[in-house]
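Chemist: One structure, as C-alpha cells, below. Some questions next.
The values are calculated or read from the model by the stated rules, or taken from the named source; none is laboratory data. Here the structure is a predicted model, which means the values were calculated and not measured. Backbone-built Cβ (ideal geometry, glycine too); neighbour counts: all protein chains shown.
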Amino acid sequence: MSKSTEQPATNQLIDQLPAATARYLMAACHPVDVEFDQVLAEAGAPVYNVLFPTTAIISITAEVGGHRPLEMGMIGFEGMLGASLALGVERHPMRAITQGTGTVLEIPAPDFRQQLENSPALKRAVHGYLFVLAEQLGQTAACNAFHEVSARLARWLLMMDDRAGGQPLVLTHLFLGDMLGVRRSAVTIAAGQMQDKQLIRYSRGHIQVLSRPGLESVACECYPAAIAAYQRQFGCA
C-alpha cells in the first residue's frame, strides 16, 4: 500500500458517528492507496492496522485445501477491516484481498483500541457493523449453496456496483469464478446472457452495469436481504 495524495472520500461507518467522535477518529487516520488483488490480511494474522475503505472494495475469502478461494463477504465504504479488535480479538478471521484499485483510511491497531476505550459510540457502531457482517457471511454461505449461478452473479455485480458508485468494474471471468466458487465457463455463460439482455457491458476485463433494475430482476433474494440488514442496524444503505 502507498500513501494517497488525493483528498479522501468518506466512509459511511465513520459518517454515522457523532461529529466529535468522527473528527477524533479521522484525525488519527491517513489515506492509503491499494492495488487490485492486493492481500491486506491473511487468516489468523495479527491485526496491525484497521482499514476504513472509501473507494476501495475488499473481499473476505475462505480457503479449503486443494480449492481456490471463495468469497464470503464484501467490504466497501459502508464498513471496515479489523473490526474484531472491538471484541478483544487481535487476529483476522479470514483472508482479505482487494477487488480493484482504491483508497482506504488506515489507523494503527493500538490507536484504534485506544479510541474504542474512549468512545462508547464508536464501540457500539463497530459492534453493529460486526452483526451486519455476520448476517452477510451467513447469507452468502446459503446463497452459494442454494442459488443458481446467474442469480448469484447478478447479486454480486449489484453489491460491487453499490460500492463502486457506478464506475466500471475491472474483473475477469476467472476472478469472478473464484469469488462465486464456480468454473470460469459458468461465469462466461451467465455473463453472456446478461450482456445479450443489455444488463451489462463486458469488454477486456471491464464490466459496466447498464440496467440495475434488470439485474435486480435476475438476482436472488439475498441482495435485498443484505440491504435490509444494513438498514435495520444503521437506518441507511
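Chemist: Looking at the range 62-87, I want the residues that are more than 16 Å from L137 (Cα to Cα) and have a partner that is in a strand (DSSP E or B) and of a type in the set (V, I, T) with Cβ atoms under 9 Å, at least 6 apart or on another chain. Which pairs are those?
Modeler: L85/V50
Chemist: Something else: Tell me, which strands (runs of 3 or more DSSP E) wholly within the range 1-93 include 1 or more residues that are modelled with pLDDT under 95?
Modeler: Working: elements: 30-34, 39-41, 49-53, 58-62, 70-75.
Correct list: 58-62, 70-75.
Chemist: Sort out which residues of the range 150-161 are surrounded by fewer than 20 Cβ atoms within 10 Å (Cβ to Cβ) and more than 23 Å from V104 (Cα to Cα), and write them in order of number.
Modeler: Across the range 150-161, the qualifying residues are S150, A151.
Chemist: If you scan the range 107-116, which residues turn out to be touching a strand residue (DSSP E or B) at 6+ places or on another chain (Cβ under 7 Å) and over 17 Å from Q12 (Cβ atoms)?
Modeler: Filtering the range 107-116 for residues touching a strand residue (DSSP E or B) at 6+ places or on another chain (Cβ under 7 Å) gives 107-109, 112.
Across the range 107-116, the qualifying residues are P108, A109, F112.
This table checks each residue for (1) in contact (Cβ under 8 Å) with a residue 40 or more places away in the chain; (2) under 29 Å from E35 (Cβ atoms); (3) surrounded by fewer than 20 Cβ atoms within 10 Å (Cβ to Cβ); (4) within 16 Å of the chain's Cα centre (by Cα).
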| position | (1), (2), (3), (4) |
| --- | --- |
| R163 | yes, yes, no, yes |
| Q167 | no, yes, yes, yes |
| L171 | yes, yes, no, yes |
| L180 | yes, yes, no, yes |
| R183 | no, yes, yes, no |
| T188 | no, yes, yes, no |
| Q193 | yes, no, yes, no |
| H206 | no, yes, yes, no |
| L210 | no, yes, yes, no |
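Chemist: While we're on this one: Taking the range 158-200 as the region of interest, how many residues are assigned to a helix (DSSP H, G or I) and either touching a Lys or Arg at 6+ places or on another chain (Cβ under 9 Å) or of a type outside the set (S, T, N, Q) (or both)? Show your work before the answer.
Modeler: As a first pass, look at the range 158-200 and keep what is assigned to a helix (DSSP H, G or I): 158-164, 173-180, 184-196.
This time we only want the ones that are either touching a Lys or Arg at 6+ places or on another chain (Cβ under 9 Å) or of a type outside the set (S, T, N, Q) (or both), so: 158-164, 173-180, 184, 186-187, 189-192, 194-196.
Total meeting the criteria: 25.
Chemist: Only one of R201, R232 is free of Cβ contacts under 8 Å to residues at least 24 places away in the same chain and within 19 Å of the chain's Cα centre (by Cα). Can you tell me which?
Modeler: Details: R201 fails: within 19 Å of the chain's Cα centre (by Cα).
Within the list R201, R232, the selection yields R232.
Chemist: Also: Considering (1) at pLDDT below 95; (2) touching a helix residue (DSSP H, G or I) at 6+ places or on another chain (Cβ under 8 Å), say which one M160 fails and leave the rest.
Modeler: M160 satisfies every listed condition except (2).
Chemist: With the structure loaded, tell me whether F146 is aromatic (F, W, Y), in contact with a Phe, Trp or Tyr (Cβ under 9 Å, 6 or more places away or on another chain) and on the phi < 0 side of the Ramachandran plot or whether it fails that test. Break it down into steps so the answer makes sense when it comes.
Modeler: Values: aromatic (F, W, Y): yes; in contact with a Phe, Trp or Tyr (Cβ under 9 Å, 6 or more places away or on another chain): no; on the phi < 0 side of the Ramachandran plot: yes.
Answer is no for this residue.
Chemist: Looking only at the range 95-129, which residues are among the hydrophobic types (A, V, I, L, M, F, W, C) and either over 19 Å from A43 (Cα atoms) or within 13 Å of the chain's Cα centre (by Cα) (or both)?
Modeler: Start the filter on the range 95-129 by keeping residues that are among the hydrophobic types (A, V, I, L, M, F, W, C), which leaves 96-97, 104-105, 107, 109, 112, 116, 121-122, 125-126.
Selection gives A96, I97, V104, L105, I107, F112, L116, A121, L122, A125, V126.
Chemist: Quick one: which of E63, E42 is out of contact with any Pro (no Cβ under 8 Å at 6 or more places or on another chain), among the acidic types (D, E) and either surrounded by 22 or more Cβ atoms within 10 Å (Cβ to Cβ) or farther than 19 Å from L153 by Cβ (or both)? Steps first, please.
Modeler: Details: E63 fails: out of contact with any Pro (no Cβ under 8 Å at 6 or more places or on another chain).
Residue meeting the stated conditions: E42.
Chemist: Still on this model: Among (1) closer than 30 Å to T188 by Cβ; (2) surrounded by 21 or more Cβ atoms within 10 Å (Cβ to Cβ); (3) assigned by TED's automatic domain parsing to the domain that holds I58, there is one condition R95 misses while meeting the rest; what is its number?
Modeler: Unmet condition: (2).
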